[in-house]
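Data first, discussion second: the structure below is written as structure tokens.
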Amino acid sequence: MTRNLVFCEECRDDVEYTITEVPMIGKIKGNKYSYTGKEARCDRCHAKVYIPEINDSNLKALYDVYRKENGIVSLDVILAIPKKYAIGKRPLSLLLGWGEQTFSRYCEGDMPTKQYSKILIKIYEDPVYYAHLLEVGKENLKSQRTYEKSKKAVDDLLNISKQNSSKIDIAIKYLLNQCEDITPLALQKALYYIQGFYYAFCNTFLFTEDCEAWVHGPVYREVYFKYRDYRFDPIAKSQYFDDSVLNASEKAIFDGVIHNLCCYSGKVLEQFTHNETPWLVARGDLPVTEPSERIISQDTIGDYFKSVKEKYNMMKPNDIRVYAMDMFDSL
């Protein structure tokens, strides 16, 4: 079996090593930034050893933090745009009225201005916006084939988006539009409470997706992976939402959860769920810190929130307030 070896200056020999994640601080343009990096240490003497790939990885992590804290589009998003819209780097620059090599330089690591960053983020997040730019700027493209190929890609995206807009996607968009600051943790708990109270009031479940009993409370797996890069920061506010897609019951439940539960932090809502039957039953005898993919059954969610509605004599979704206050007082 091939072993990974590196030269250790202390041992003066090629040695095996161990890589661990560690908190780091780097400086860019005179400002310090904290980030999670990696370091390699010799398995014999535990001295640090130099590995070029780790150094490159740490530099990228530092610049990712710098980009995020300064409102600069991430390199991952920049690289994803040409693939998403089936357009080359040079044609994209021409489409936007930029210098021919501008977008290529950004792909190689150059930092866009905040103005250009906003444009690139909006392009990536909003196919409707890109479709508009494509029509307005198509004369800048030097090939009709380039235009037609990109138009097909964006048309396909818009059609898929329209067909696959599930109830949980709609709920997320509404929450991001209505809530001032909502972290991934708080978003997960809000979706869980929407699912529970929608069943309590309407006798049917709104989401088809399964909810899992993770260490920090109920989690919808796909939603977690979509927003995990925000970590403990608020998710970017949704700019576009037409609430005419909601029926009266959906809007009432959404608003009831937003006004009466989303006023608490994600950590507080996590504590709420840790004291509720659905999460406790799904976790069973698992240790508190044990990772789990156990499903919180819909039957358990339905029964629990039906009993909550009856116990607190809830007549309308805004009555969720009484339950939320009682849960908070019991912490």
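Each reported figure results from applying straightforward, stated rules to the coordinates on display, with no laboratory input. A quick note: this is a predicted structure, and the numbers were derived from the prediction, not measured. Backbone-built Cβ (ideal geometry, glycine too); neighbour counts: all protein chains shown.
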* To do: Treating each Cα of the stretch 75-163 as an identical point scatterer and ignoring solvent, apply the Debye formula and state log10 I(q)/I(0) at q = 0.10, 0.14, 0.17 Å⁻¹.
  => -0.22, -0.44, -0.65
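Rounded to the nearest 20 Debye, what is the dipole magnitude of the chain about its Cα centre when Lys and Arg each give +1 and Asp and Glu each give -1 at the C-beta? Numbers along the way, then the final one.
Values: 44 positive and 47 negative charges, 235 e Å.
I would put it at about 1120 debye.
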* Run down the lysines and flag those whose C-alpha is under 22 Å from the C-alpha of residue 309, throwing out any fewer than 8 positions away in its chain. => 189, 251
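Treating the beta-carbon of each Lys and Arg as +1 and of each Asp and Glu as -1, no other charges, what is the dipole magnitude of the stretch 6-69 about its Cα centre, to the nearest 20 debye? List each step's numbers first, then the result.
Working: 11 positive and 12 negative charges, 108 e Å.
Value, rounded to 20: 520 debye.
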* Would you please classify the overall shape of the stretch 167-330 from the alpha carbon gyration tensor, given that a ≥ b ≥ c denote the square roots of the eigenvalues, rounded means a/c under 1.5, and beyond that prolate means a/b larger than b/c while oblate covers the rest? => rounded
* **Nearby lysines by direct alpha-carbon distance to residue 149 (threshold 30 angstrom, same-chain neighbours under 8 apart not counted)** => 83, 84, 89, 114, 118, 122, 138, 162, 173, 226
* Label-point separation (nm) for residue 128 and residue 34, each offset 7 Å from Cα along Cα-to-Cβ? -> 3.9
* Under 4.7 Å Cβ to Cβ, no partner at all: give me those cysteines from the chain, in residue order. => 45, 107, 179, 202, 211, 262, 263
* Structure fact -> Comparing 22, 245, 65 in a Gaussian network model of the chain (Cα, 10 Å), the one with the largest mean-square fluctuation is 22
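Order by neighbour count: 214, 279, fewest other Cβ atoms within 10 Å first, most last.
On the way: 214 20, 279 24.
Exposure proxy ranking, most exposed first: 214, 279.
Can you compute the FRET efficiency between residue 19 and residue 105 using 1/(1 + (r/R0)^6), with r the Cβ-Cβ distance and R0 = 30 Å? Round to the nearest 0.05.
Values: r = 31 Å, r/R0 = 1.05.
Once rounded, the FRET efficiency stands at 0.45.
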* Structure fact -> Here, residue 46 and residue 9, labelled 7 Å along Cα→Cβ, have an inter-label distance in nm of 2.0
* **Reported label for calculated Rg and Dmax of the Cα atoms in Å given [x] 22.0, 72; [y] 31.8, 133; [z] 24.5, 76** => [z]
* Label points 7 Å out from Cα along the Cβ direction at residue 138 and residue 229: separation in nm? -> 3.0
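By its C-alpha gyration tensor, with a ≥ b ≥ c as the square roots of the eigenvalues, how is the stretch 6-69 shaped: rounded for a/c under 1.5, else prolate for a/b larger than b/c, else oblate? Could you put the intermediate results ahead of the total?
Numbers: a/c = 2.86, a/b = 2.79, b/c = 1.03.
Prolate is the answer for the stretch 6-69, as a/c is 1.5 or above and a/b outweighs b/c.
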* Asked: Comparing 188, 271, 115, which has the greatest mean-square fluctuation in the GNM of the chain with Cα pairs linked when under 10 Å apart?
  -> 115
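How would you rank 138, 189, 29, going from fewest to most other Cβ atoms within 10 Å of each one's own Cβ?
Values: 138 15, 189 28, 29 7.
Fewest-to-most Cβ neighbours within 10 Å comes out as 29, 138, 189.
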* With springs only between Cα atoms under 10 Å, which of 255, 210, 14 fluctuates most in a Gaussian network model of the chain? -> 14
* To do: Quote to one decimal, in nm, the extra length available between residue 236 and residue 248 on full extension: 0.36 nm per residue of separation minus the C-alpha distance between them.
  => 1.7 nm
* Using +1 at the Cβ of each Lys and Arg and -1 at the Cβ of each Asp and Glu in the stretch 6-69, identify which of 45, 31, 65 lies farthest towards the dipole's positive end. => 31
